[in-house]
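K.L.:
Before we start, here is the structure in question, set down as structure tokens.
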Amino acid sequence: VGMLTGRVGATLCVDTRTRRTGHRARVSQLFLPRRTVTRLSATSSKMPSPPENTRNPKPTLLTFDVDGTLIRAVGPDANKWHKDAFAFAIHKVFGIDTTIDVIKHHGSTDQLVLLDVLRFHGFEEHLVLAKMGDLKNAMVAFAETHAGNAGLGLEILPGVEHLLKTLWKRNDVVVGLVTGNLEPIAWRKMETLGIKKYFSEPKIGGFGSDHADRVELVKIAAMRAVKDFDLEPGPEMEVFVPGVVFKERVHFGDTPNDVKAALAGGAVAVALTTGVFSEPELREHFLDEKRCALFNDLTDTDAVLRASGLEP
């Protein structure tokens with residue numbers, strides 16, 4: 001197992017309201033302390049850079065949610081490694097045995113899941129927030145120790161690997177993640193299932209270790225892409241305007257929260273019915289039809305590219 005290296009996002013303060021269909025989580029002044037939650041290092045060989053990999057000065061940024069979008073949980077051990085990391089952290093820091101399945105967590109972020117589970121068990125919000133850094137670090141420590149189990153109960157969804165490989169071959173895109181997973185856990189899943197190699201180097205994204213609000217994760221991914229790929233940033237807000245820094249930004253996800261975060265964060269929303277939400281439940285949040293698309297899966301690569309503003 002590789003050693004831990006990497007980052008967690010900046011200290012942030014948000015007012016987080018609705019997080020999932022049929023459930024409201026109100027968090028007043030959610031304070032997410034900056035801690036050294038680190039990245040699990042890859043042990044497999046890296047793919048060489050695509051030939052002539054000089055990026056378009058205004059590339060298209062494509063970001064993908066993880067669970068339910070790129071991969072799915074299957075069988076009796078469905079997403080067991082990640083769930084066990086939650087259980088371990090909660091037991092270590094708060095001394096109780098529980099599971100995240102006591103709450104509705106689809107479309108949430110890891111920090112909100114921790115908060116909501118502990119609130120379910122009667123812990124006051126301020127006590128949980130004060131220990132959030134410890135909880136995140138405990139999750140990552142468990143993930144490192146049990147990294148060999150990261151793929152238990154997980155499989156890649158249809159069309160995903162072909163799409164990512166197609167994008168990897170292009171020089172006009174940057175491809176990253178926007179997910180509620182803590183960053184080390186997200187990349188370990190990608191590594192274990194053999195698709196991390198298709199994401200742009202350096203690896204960028206917005207993660208549950210950065211912020212509790214998915215809208216902010218969409219924006220964080222864009223700002224990291226600007227910095228890490230030496231793009232012309234201009235005024236900060238112009239990063240989020242199509243055609244200024246990026247030709248376009250596109251976010252793929254399987255929950256209403258992904259759709260809302262994409263649109264609020266200035267990206268095109270590509271919704272997928274590969275998770276637990278139906279087409280009507282996703283379309284309900286298409287507030288700008290011109291900047292939304294819906295697919296049953298990612299098997300039609302050419303159609304997905306066109307929906308992202310790219311020529312196949």
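The values are calculated or read from the model by the stated rules, or taken from the named source; none is laboratory data. As the structure is a prediction and not an experimental result, all values here were calculated from the model. Note that each Cβ is placed from the backbone with ideal geometry, even for glycine, and that neighbours are counted across all protein chains shown. Ligands, DNA and RNA are excluded from the accessible area calculation, which covers all protein heavy atoms including side chains. Shrake-Rupley method; radii C 1.70, N 1.55, O 1.52, S 1.80 Å.
K.L.:
So which of G122, G148 ends up being touching a residue at least 12 places away in the same chain (Cβ under 8 Å) and open to solvent by 50 Å² or more (accessible area, probe 1.4 Å)? Reasoning before the result, please.
P.N.:
Numbers: G122 fails: touching a residue at least 12 places away in the same chain (Cβ under 8 Å).
None of the other options fit; the residue is G148.
K.L.:
Mind checking whether some residue in the stretch 176-196 is open to solvent by 10 Å² or more (accessible area, probe 1.4 Å), of a type in the set (S, T, Y) and closer than 15 Å to F64 by Cβ?
P.N.:
no
K.L.:
Among G176, G151, G180, G159, which is the only one that is modelled with pLDDT of 95 or more, farther than 25 Å from V218 by Cβ and under 19 Å from the mean Cα position of the chain (by Cα)?
P.N.:
Details: G176 fails: farther than 25 Å from V218 by Cβ; G180 fails: farther than 25 Å from V218 by Cβ; G159 fails: farther than 25 Å from V218 by Cβ.
None of the others qualify; the one that does is G151.
K.L.:
Here's something else I'd like to know. Looking at F277, F207 in this structure, which one is over 14 Å from the mean Cα position of the chain (by Cα) and of a type in the set (F, W, Y)? Give the derivation first.
P.N.:
Values: F207 fails: over 14 Å from the mean Cα position of the chain (by Cα).
Of F277, F207, the one residue that is over 14 Å from the mean Cα position of the chain (by Cα) and of a type in the set (F, W, Y) is F277.
K.L.:
Can you run down the residue pairs with Cβ atoms below 6 Å, 6 or more apart or on separate chains, where the first is in the stretch 214-226 and more than 17 Å from G243 (Cβ to Cβ) and the partner is assigned to a helix (DSSP H, G or I) and open to solvent by 20 Å² or more (accessible area, probe 1.4 Å)?
P.N.:
Going by the 6 Å Cβ cut-off, the qualifying pairs are V215/A264.
K.L.:
I'd like the full set of residues that are open to solvent by less than 60 Å² (accessible area, probe 1.4 Å), modelled with pLDDT of 50 or more, within 23 Å of L112 (Cα to Cα) and outside any loop (DSSP other than H, G, I, E, B), limited to the stretch 35-72.
P.N.:
T63, F64, D67, I71
K.L.:
Could you say whether any residue in the stretch 100-115 is part of a loop (DSSP other than H, G, I, E, B), buried (at least 22 other Cβ atoms within 10 Å of the Cβ) and of a type in the set (S, T, N, Q)?
P.N.:
Yes - at least one qualifying residue is present in the stretch 100-115.
K.L.:
Let me ask you something else. Report yes if D77 is closer than 24 Å to G205 by Cβ, more than 20 Å from the chain's Cα centre (by Cα) and open to solvent by 50 Å² or more (accessible area, probe 1.4 Å), otherwise no. Working first, answer last.
P.N.:
On the way: closer than 24 Å to G205 by Cβ: no; more than 20 Å from the chain's Cα centre (by Cα): yes; open to solvent by 50 Å² or more (accessible area, probe 1.4 Å): yes.
For D77, the condition - closer than 24 Å to G205 by Cβ, more than 20 Å from the chain's Cα centre (by Cα) and open to solvent by 50 Å² or more (accessible area, probe 1.4 Å) - is not met.
K.L.:
Output the residues belonging to the stretch 195-212 that are touching a residue at least 40 places away in the same chain (Cβ under 8 Å) and assigned to a loop (DSSP other than H, G, I, E, B).
P.N.:
Result: I195, E201, F207, G208, S209, D210, H211, A212.
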